[in-house]
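Below you'll find the structure, written out as structure tokens, and then a few comments.
The values are calculated or read from the model by the stated rules, or taken from the named source; none is laboratory data. Computed from a predicted model, the values in this text were never measured in an experiment. Every residue, glycine among them, receives a Cβ derived from its backbone with ideal geometry; neighbour counts consider all protein chains shown. Only protein heavy atoms, including side chains, enter the accessible area calculation; ligands, DNA and RNA are left aside. Shrake-Rupley method; radii C 1.70, N 1.55, O 1.52, S 1.80 Å.
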Amino acid sequence: MKISLNWIKDFVNLDGISVKDIWYRFTMSAAEVDDVVEMGKDIRNVVVGKVVSVQPHPTSSKLKLCMVDAGSGIIQCVCGALNVREGVLAPFALDGGSIKKISEVRKAVVAGVDSCGILCSASEIGISDNHEGIMILDGDYKPGADIKSIIAIDDVIIEIDNKSLTNRPDLWGHYGIAREMAAIFRRRLKPLEVAENLEDSSLPDINIKIEDPQKCYRYTGLGIDNIKTRVSPLNMQVRLYYCGMRPISLIVDLTNYLMMETGQPMHAFDKRQMDGIVVKSTDKPMKFKTLDSIERNIPEDVLMICNLDKPVGIAGIMGGENSEVADDTSGIILESANFEGSSLRRNSTKLGLRTEASARFEKMLDPNLTALSIKRFVKLLRDAQQDVVISSNLTDIYTQPLKHIQIAIDKPYIDKYIGNTVGSDEIVKILESLEFGVKQQGDAFIIDVPSFRSTKDITLKADIIEEISRIHGYDNIVPKTIEVALQPLDYNETRLADHKIRDLLSDKFAFSEVNSYIWYNNTFNSSIGIELRGNVKLLNPHAKDMDTLRDSMVPIMLEFAEVNRKAYDEFFIYEIGGVFNAPDTKSKCEEHKSLCALMGSKIKDEDTLFYSLKGITTALLRSLKNIEPEYAIMKQNDAAPWNHPVKSLEVKYDGHYLGYISVVHPQIKQKIDKKLNIAFIELNLASIYGLPQKQIKFAEPSRYPEVTLDYSFLVDKAVWFDSVKADIGKYNSSILTGFEFVDIYTGKGLPEGKKSMTFRFTIGSREKTLTSEDINEFSGSFLKYMAGKGYPLR
């Protein structure tokens, strides 16, 4: 069995431990490692290349002359791939780099034309057997980016002797191996992230019936619809390939991925082919065509999965061709089952068919894996496509519940076989790290065996002795305390605040974080009409057009917008980064941290984006400092060239300038995309973090019900929101407990020069329930007050 170290590190932190030590300790404590292979070591100097032009080769009809943007410049190469075309991104091996079968890429003359690099197939960078064309990268990657920063090519693959895992069904998946690693190296095992709340009684159950409960202990199913994504994530494909599996499609790849991760084989049936699931043994010989398109002779007494009466799969071994997930499948029934191991092994022998699934099932898997693996499947599926629909309740038929095993053992018994070298506290730690439950009563230990070790592994006292010994170390029976100077982590309020901003923008407002260089792209700035001011210059720039440190993040975000507009009708991006300025060449250059967030949309208008960013700014400052920002019209002499001459606001608090909100200047919009509306905020985080934290004030809620009233007022278009808000705040009423802005309307049906502002008012009393007379009295008095301020009711 092949194991990916990258995959293991998803679940346990192994930093600071060498690969040699990892697998030596694993061999000594758990199972024998046969081989260790470092993947990606022979792939060097391969970057993302963008094909900017494709021309016919002057002397060969089978070749094409390509110009490739490799980040550092435009490079000419000759390519024979049929799928090469202008605009695509692909791995590009630079001069001096190396790929599979070519230890050093060198400039060459191909059919009389210079070729200075290689556009690579997936097989040439070692992540697939596919060599039928160049590998086209789906995504918005920057030319020149190291391909290894995009694809997890670097990995360490370990091959474990399967014979040493015969009695350890929990080690037939990466998560089980990671659990073992965590115990061996005393590291924390990260919980498996799964989808929650799949048990939904409001959804229908899947029709599942187990007619042979002695062979099928548990059968769990879930219906999933609206599956539109067909291709699995690239790094998932790489992991499968490295571990010996061939990527096929998202649904199939996920079932294989879960089998390699949790050890639980799963199968996805095309929902259109399934009316109900019946698990039963054959009562007479029959013929059945499996997924590999081979018609097989199925003898009597072989457990089958049936669509009511029609067989659709050999239980625990292989599915049938008649229920295969097709290219147009959008709905599946996902099955995850648990079978009796010896009967399944007999069936596999009868058929002469042994698969990755049967190899695991015959070891007697933990029946609790069935539901867990389905929940993990849904989580990973949602990561690839968020809008999949769960169409059934998580249906779980559990016919033969696993018996709980409890073993009593005492310290003298342990000392008899190990020696008085392992203390009681150490024994408890070892067992708990392996997820055993331990209750200590003096020298006695009552040990609860976890379900994943209860199927055929841990049953006797001697098994507990083995667990303690192997984790403590067979070659380390005499323990030595390791003295390590522990230092508490420094409390870094700024870093925590940065994380808080990222969480808020990413999770609540659906922004994507981008990362850029700290210098301007002068070429892009010139192309959209941005003239640089007295910015700090670099003495040794990375490139001639990148010699100026940024004093604002907006131009770089506009460059991101120009790229994203080609792929998306709407996108929200942000970055937290440094900006630099100096009054003159003799002054010290100062750096401070800024946040820039940009909303681009061909769907929403500029005003909608502007007010959305205003709301986001308010939410950020409330979350960070519990303060309400103040907004003021930006003076034109203070505005940057990319700011709109009218639709720009300064963000302030208590006289401190914090940043601004603006729509992009109309002239710049025309040069980027006249159909793309753009708005952005740029906030000085150093100024914000320097503000005092305003304490949150709490008030006990009234015991009496409150009433909400919505009023829409006619307001002059020249009057700002803050003025209306301030006037409302001056109204004194013993029952007005609060108000909030709802919306603004400027469309048809309003008097000329007017806009409509809607507010929601909450009224209530701490002394009684309001009567209709109280409400009417407030309403009349308040509306009269507002009319007197020049805000009549609409």
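What the table shows:
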| quantity | calculated |
| --- | --- |
| Reach of K674 by Cα under 18 Å, taken over aspartates and glutamates that are not fewer than 8 positions away in the same chain | E559, E562, D569, E570, D605, E606, D607 |
| Whole-number percent relative contact order across the chain, with pairs defined as alpha carbons under 8 Å at least 6 apart | 8 percent |
| Accessible-area value, L658, 1.4 Å probe, nucleic acids and ligands omitted, Å² | 0 Å² |
| Lys, Arg +1 and Asp, Glu -1 on Cβ, resulting dipole of the chain about Cα centre, debye, nearest 20 | 980 debye |
| Surface accessible to a 1.4 Å probe, Y745 within the full protein complex, Å² | 80 Å² |
| Theoretical FRET efficiency, 1/(1+(r/R0)^6), r = Cβ-Cβ of S201 and T758, R0 35 Å, to 0.05 | 0.30 |
| Segment D415-E777, extension gain: residue separation times 0.36 nm, minus the distance between their alpha carbons | 121.8 nm |
| Heavy-atom SASA rank of I136, I160 (probe 1.4 Å, accessible area, largest first) | I136, I160 |
| Of the GluC sites (Glu not before Pro) in the stretch 396-481, those whose Cβ has at most 10 other Cβ within 10 Å and which sit in DSSP loop | none |
| Aspartates and glutamates with Cα under 14 Å of K101, excluding same-chain neighbours fewer than 8 positions away | D42, E124, D129 |
| Whole-Å distance, taken between Cα centres, linking the stretch 707-784 and the stretch 356-391 | 53 Å |
| Lysine pair number, Cα distance threshold 23 Å (strictly under), the stretch 568-666, separation 8 or more or different chains | 14 |
| Selected from L621, F572, S512, residue furthest toward positive end of dipole (the stretch 509-645; charges at beta carbon) | L621 |
| Cα centroid of the stretch 617-647 to Cα centroid of the stretch 656-695, whole Å | 7 Å |
| With DNA, RNA and ligands ignored, accessible area of M286 (1.4 Å probe; Å², nearest 10) | 50 Å² |
| Degrees separating the helix 369-384 axis from the principal Cα axis of the chain, which is the longest one | 40 degrees |
| Estimated distance in nm for a label pair at N83 and D42, the labels positioned 7 Å out from Cα along Cα-to-Cβ | 2.3 nm |
| Restraint check, K508/K768; K190/K228; K228/K508; K100/K566; K50/K537, Cα-Cα greater than 32 Å | K508/K768; K100/K566 |
| Nitroxide proxy distance, nm - points 7 Å out along Cα→Cβ at E531 and E356 | 6.2 nm |
| Exposure rank, largest accessible area first [R85, R246, R550; 1.4 Å] | R246, R85, R550 |
| Over 21 Å (Cα to Cα) - which of K215/K403; K215/K363; K669/K754 fall in this group | K669/K754 |
| Dipole magnitude of the stretch 253-292 about its Cα centre (Cβ charges: Lys, Arg +1; Asp, Glu -1), debye to nearest 20 | 300 debye |
| T608-I248 FRET efficiency (beta carbon distance; Förster radius 35 Å; 0.05 resolution) | 0.25 |
| Net dipole in debye of the stretch 609-711 [+1 Lys, Arg Cβ; -1 Asp, Glu Cβ; about Cα centre; nearest 20] | 340 debye |
| CD proxy at 222 nm, helix term only [per DSSP H run n ≥ 4: -39500 (n - 2.57); per residue of the chain; nearest 500] | -7500 deg cm²/dmol |
| Pairwise FRET efficiency - Y517 versus R230, Cβ, R0 = 30 Å, nearest 0.05 | 0.30 |
| Partners for K789 among aspartates and glutamates (Cα-Cα distance below 15 Å; same-chain residues under 8 apart left out) | D716, D722, D727 |
| ³J(HN,Hα) computed for each position of the stretch 129-137 - Karplus, 6.51 cos²θ - 1.76 cosθ + 1.60, integer Hz, glycine/proline x | 8, 6, 10, 7, x, 5, 7, 8, 8 |
| Accessible-area ranking of R376, R106, largest first, probe 1.4 Å | R106, R376 |
| Value of relative contact order over the stretch 504-572, rounded to a whole percent, pairs C-alpha under 8 Å and six or more apart | 34 percent |
